[in-house]
Structures are given as C-alpha cells and as structure tokens.
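The values are calculated or read from the model by the stated rules, or taken from the named source; none is laboratory data. Keep in mind the model is a prediction, meaning the values are calculated, not measured. Here Cβ is always computed from backbone atoms with ideal geometry, including for glycine, and neighbour counts include all displayed protein chains.
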Amino acid sequence: MNNSVSSCEMEPVSEQTRADSRVLRMGTDFRWPGVPVSEYKQSTEHWCGIARMSLVGEAGESTAFHVRYFEIAPGGFSSFEHHAHEHVVIVLRGRGQVQLGDSAHDIGFGDVVYVASHEPHQFRNQSAEPFGFVCIVDAQRDRPNVVNPP
C-alpha cells in the first residue's frame, strides 16, 4: 500500500475564497491561462512524465467533483493503481493506452474511459506526441493503492 500524498487528495476551501463563475479558454498549446501546471503527484518510481492542471474544484468551487487535465509526455505513464472512487477520462490530445485490470485498450481523441471502483488502471503514452485527457473525479475521495502491473 502506498501512503504518499497524491493528487487525489484535496484541501478544504473556506467560504471567503469561493470562486466566481468563469470561462477558461484552452490555448493552442493545451494550456489554460492562469491555471498552473503541477506534477501528477509526489515523485516516485510508479509514474513518469505527467503534468496536471486543476480546472474546476480546487480553487474555491463548492462542486462535488473535480475536473483536471493530465498530459502524459511521450514514454510517460501513470501509476498502476486502484481506489474506491470512480472516475471518468475524456481524451483531448494525442493517443494513448489505458490498462483496465488485465485488458489494455488503445484510446484517442473523444474516447471516454469509465474507471469503476477498485479497478486497477494505468494510462500510458507510447507515442511520440503528448497524450492529454480530462479527468472527472469525486471531490471527496480515497487515496489510491499502487499495485504491480500485469
């Protein structure tokens, strides 16, 4: 079990910092002005080459969900992990592969991936271009548990 702090955790936001309605316009570089780029989670050998941008849910919004954009560099991959919370991924850029349990699936622009509760999963970029996707997840969620890849 991995007890490191991850991007799946959130800090409570006070009423005084509640966010106003807004529109975020994505640039041609797949970045949103004013949205900082951070690491996927604390450094470890279980992942490589991932940038994370929090679009909704971590800047004072009172949503029951968070919307994040992840971009995996060529050759990069997320942790092979499972957790109790479900989440949805929508591919916006490039091509990649998702491992769901023992099955690997090639995915690309517009594809939607539903990750069920406790399903071991991993996202990989085996192409020469960045692989980017939106991830929608519960605001209140458990920590992931890293597992050995199949």
Task: Matching strands (runs of 3 or more DSSP E) fully within segment 53-150 where at least 1 residues are closer than 18 Å to Glu39 by Cβ and among the aromatic types (Phe, Trp, Tyr) - done: 65-77, 121-124, 131-138
Task: Verdict on Gly101 being touching a residue at least 12 places away in the same chain (Cβ under 8 Å), small (Gly, Ala, Ser) and surrounded by 16 or more Cβ atoms within 10 Å (Cβ to Cβ) - done: no
Task: Asp29 vs. criteria more than 16 Å from the chain's Cα centre (by Cα), among the charged types (D, E, K, R), more than 22 Å from Arg141 (Cβ to Cβ) and assigned to a strand (DSSP E or B) - done: no
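Residues are listed down the side, and each one gets a yes or a no for (1) surrounded by 15 or more Cβ atoms within 10 Å (Cβ to Cβ); (2) touching a residue at least 12 places away in the same chain (Cβ under 8 Å):
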site	(1), (2)
Asp29	no, no
Pro36	no, yes
Trp47	yes, yes
Leu55	yes, yes
Glu58	yes, yes
Ala64	no, yes
Val67	yes, yes
Phe77	yes, yes
Ala84	no, yes
TODO: Name every residue in segment 98-150 that is basic (Lys, Arg) and at pLDDT 95 or above, in order of residue number.
DONE: Arg124
